[in-house]
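Working notes, structure below.
The values are calculated or read from the model by the stated rules, or taken from the named source; none is laboratory data. Predicted model only: the values in this text are computed from it and were never measured. When we count neighbours, we look across all protein chains shown, and the Cβ atoms used for this are built from the backbone with ideal geometry, even at glycine. The area values use the complete protein model at the heavy-atom level, side chains included, leaving out ligands, DNA and RNA. Shrake-Rupley method; radii C 1.70, N 1.55, O 1.52, S 1.80 Å.
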Amino acid sequence: MSRSIRGVHDAPCAGKWGTILGQMPRSMSISAQLQQRAERLLPGGVNSPVRAFRAVGGAPPFVVRAEGQYLWDADGNRYLDYFGSWGPMILGHAFPPVVAAIQQAAARGSSFGASTPTEADLAERIVRACPSIEKLRFVSSGTEATMSAIRVARAFTDRKYIVKFEGCYHGHADGLLVKAGSGVATFGIPGSAGVLEETAHFTLALPFNDVTAVEEAFAQHPGEIACVIVEPVVGNMGCVPAAAGYLHFLRDITARTGALLIFDEVMTGFRVAFGGAQALYGITPDMTALGKIIGGGLPCGAFGGRGEIMDLLTPLGPVYQAGTLSGNPLAMAAGIATLEYLEAHEAEVYARLEVASAAVADGVAQEAKKAGIAVTMNRVGAMFTWFFTPRTIKDFRTAATSDVTIFGRFHRAMLEAGVWLPPSQFEAAFLGTAHTDADIALTIDAARTAYLTIAG
Ligand SMILES: *Cc1c(COP(=O)(O)O)cnc(C)c1O
C-alpha cells in the first residue's frame, strides 16, 4: 500500500521543478537573495536560531508553500518534510479541515480580547485526552506554558528551586535556559548570556535518566524543591526516551517530597499517543505543558493540571498570568479541527504513524550499517533521531558524542535529494499522516546515496 491514510495528498504535485533523486543540483539563487535581504533586517536572517542552518552548513531554503508532506522553496524545489514545523504538522501541511476552520474563524474576526465559546471547546478536548488536566489556561507558545506552570508550582509549594534535566528544552524563559536542549545544545552553549546567575541558581540541572542525581538533589535541598519539569520523551537533544521505570521514579519522589511533577508535553502531547506520553506510560503528572499540535500550526500553548493548583491563577488566586492573544479564535479553531480529526481517527492515525515511522527510522539506520557508518537510532512513535555515534544514547552527555560534522554532511546530502531533516543533530525528526510508503522508500534510497558521499 503506497498511500497515506489521508489520500488527499497522494498525487505528487512536483510540477516541473520537483526535486527527485538523480536530478540536477538544486537551484538556490532566489533563497540566497532572500537570505541576504533577511540578514540585513533580522539577526542571522531568522526569528528562531536553528532555522539559520549554522549547525549543518549550507543555505536555508526559503519556504513559500506547503501541502501535505511537502514544502516548496522560493526556487521551486520540493522537499519531503521530516520536521513538520518542529512538531505541529502531524496531519500534514494545509490539512483541508484545518484550513477550512481557520478561514471560517478568520471571517468572523481574528481577535476579540474577550471570551469565546471555542476556548472551552478546545479545553474540553484536551481534558478528555489527558485526564491529569482538570483545568487549563491557553497561552500563545510553549515557552509561556512552561514559564507559567513553574510560576504556579512555586506559588503552590511556596518553594524556590526547580529541577530540570540537561538537554531538555522547555522554551526560553530565563530560569529554564540552563543546560538546555534544542538550539542551546545545537550551538554548544551551557545556557544564555543575559540570564542572571541569581536566576540560574534556583534551577538544578541534572543528568537525564540518572536516579541518584535526583535523590541527591532532594537530599541537599529538603523542602526547597517546587517541581521537577521533564520532557517525558526528550525530543530536544534528539529523541531520548526515559529508561524503564524512570518516570515512575520521578512521580514517586515528587509525591513523597511534596514537589510537583510537571510533564512538558509541548512536543509529545498528541504525538506519541493521543493522550501524550502520560497516556503512553500511564503516569499522572501534577501539571502539563502543551503547545505545537494543540494549535494546529497556529501560535498556541496551554498549561494545566489539578483544579486546586490551577485555581491559584488570577482572577481566582494570587498568581498573575495573562495574554492579549491567549485563546486566540484562529488558534482555537485550528486546534479544534486538528484534535477533532485525531480523536475521530485515533486508532488508525497512531497505528499508521508507528508503522511508517518504524519503517523509515529502521530503514535509514540499516543503510548506515551497510555503509559502515555508526548510527544509533532512537524512536518513540513518530519521533526519532539518527545519532551519528555507536554509543547508546540515554542522556545529553552520550548524545553529545555524536559526530556533528558527519551529521551536517548527511543533512546537506539529504536536502540535495529533496529530503528536509531537522537541521541539527540535537532535534527529533517527525513523521505525519501525509507521508506515504513511497515517500519512505524514497527517503531510504536518498540515505543510501547520502552515506556514499559522507563517509570520506
Ligand atoms: C518547542 C518546545 C517548547 C517551546 O515551545 P515554543 O512554542 O517554541 O515556545 C517547550 N518545550 C518543549 C518540550 C518543546 O519541544
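Taking packing as the residue-averaged number of other Cβ atoms within 10 angstrom, the listed peptides 393-399, 193-199 run from highest to lowest as 393-399, 193-199. Near residue 306: Cβ cut-off under 12 Å, other residues only, Lys/Arg at +1 and Asp/Glu at -1. The net charge is -3.
Within segment 362-422, what whole-number % of the accessible surface is contributed by carbon and sulfur, with the 1.4 Å probe and all protein chains included in the calculation? Roughly 52 percent, rounded to a whole number.
Against the chain, whose longest principal axis comes from its Cα atoms, helix 29-41 is set at around 30 degrees. Taking amide H positions as modeled 1.01 Å from N, with prolines and chain starts lacking one, the residues under 5 Å from residue 378 and 5 or more places away or on another chain are 385, 387.
Taking every alpha-carbon pair under 8 Å whose residues sit at least 6 apart, segment 96-344 reaches a relative contact order of 30 percent. Couplings for segment 406-414, taken from phi via the Karplus curve 6.51 cos²θ - 1.76 cosθ + 1.60 with θ = phi - 60°, read 5, 4, x, 5, 4, 4, 5, 5, 5 Hz in order; Gly and Pro are left as x.
What ranking, highest mean first, results for peptides 401-412, 114-125 when packing means the other Cβ atoms within 10 Å averaged over each residue?
Values: 401-412: 19.9, 114-125: 15.4.
Top to bottom by mean Cβ count within 10 Å: 401-412, 114-125.
Per residue, the average separation of C-alpha pairs within less than 8 Å and at least 6 apart gives segment 48-146 a relative contact order of 13 percent. Amide H contacts for residue 260 (H built 1.01 Å from N in the peptide plane; partners 5 or more residues away or on another chain; cut-off under 5 Å): 227, 228.
Quick one: net charge of residue 409's neighbours, Cβ under 14 Å, K/R +1, D/E -1? Please report the intermediate quantities before stating the final value.
Numbers: positive: 412; negative: 403, 416.
Net local charge, residue 409 excluded: -1.
Over the chain, accessible surface divided per residue gives 40 Å², non-protein components excluded, 1.4 Å probe.
Cross-linked pairs 135/394; 292/370; 179/394; 164/369; 179/292; 164/394: Cα-Cα separations exceed 24 Å for 135/394; 292/370; 164/369. Listed peptides 357-370, 433-446 appear in the order 433-446, 357-370 once ranked by packing, highest mean of other Cβ atoms within 10 Å at the front. Which of the three applies to segment 355-455, rounded, prolate or oblate, going by the alpha-carbon gyration tensor with a ≥ b ≥ c and a/c under 1.5 meaning rounded? Taking the square roots of the gyration eigenvalues as a ≥ b ≥ c, segment 355-455 is oblate.
Of the accessible area of segment 62-164, computed with a 1.4 Å probe over protein heavy atoms only, carbon and sulfur atoms account for 53 percent.
The heavy atoms of residue 146 offer some 0 square angstrom of accessible surface to a 1.4 angstrom probe. Residues whose amide H falls under 5 Å from that of residue 69, counting only those 5 or more places apart or on a different chain, are 93, with hydrogens built in the peptide plane. Reducing segment 298-323 and segment 134-163 to their Cα centroids gives an inter-centroid distance of 8 Å. Heavy-atom accessible area with a 1.4 Å probe sorts 391, 137, largest first, into 391, 137.
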